[in-house]
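So the structure is just underneath, and the comments pick up after that.
The values are calculated or read from the model by the stated rules, or taken from the named source; none is laboratory data. Computed from a predicted structure; not experimentally measured. Quick reminder, even Gly has a Cβ in these numbers, built from the backbone with ideal geometry, and neighbours come from all protein chains shown.
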């Protein structure tokens, strides 16, 4: 076995590494899409057929399958044409050296929009994608694929517009979809005063590592959910620090501890926020 590994040579090892990276990033890009299910199904079917023909000594059928694999590659290009086109477009529009600036701009625009919506008591639900893809959730809404600008983001939630009831998903520096249906949290311990919008915020943060911002249309209260925990009663400055801690390229654990220090996301801190929200609600009524 060792002799076989040595006989591969450095060139063979390099090819294995390159192919591994290619397959990894292909699956990573297609993760969460309908195309991923098609790709997995085709791969499993092809492997099973090749294995069966090899072990059953069906030489002619095995030869035919290997020849047909060329046409399968062409079929994959047709099947995944939307995903390939999207990948090339994203590659062409994302500069390498402006990632930090783009993130800062997105954070500023999101915070500006949320403050405006909260001041006018317009309900909103905004999810900012991190490492776990949300492509399946995006497909429940309407594709937008537009830059994150306050005028566009705010107009989506304007009352009586077709997309104002759903959630918006931001990926990188783009608004990818609006009117999306987020999964509702089924946790019974959530406060009974929480409506569908806040349960959807918690539900998406339970299934992904996205940061989800919710604005109450009754009180204008700003809430943010991360890792299944909901913190309410944030102002613009605390929300901005929250997003900076999570989205500026820090590791999850360090960002989480920093947020706890900045936002007081301990149970006692959350209880204080809940009390402040109740007091604001009662005074408004």
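General observations
- Count of segment 109-135 residues which are outside any loop (DSSP other than H, G, I, E, B) and surrounded by 15 or more Cβ atoms within 10 Å (Cβ to Cβ): 16
- From 148, 215, residue being crowded, with 21+ Cβ neighbours inside 10 Å, assigned by TED's automatic domain parsing to the domain that holds residue 232 and within 19 Å of residue 246 (Cα to Cα): 148
- Conditions (1) at pLDDT below 90; (2) outside any helix (DSSP H, G or I): number failed by residue 104: (2)
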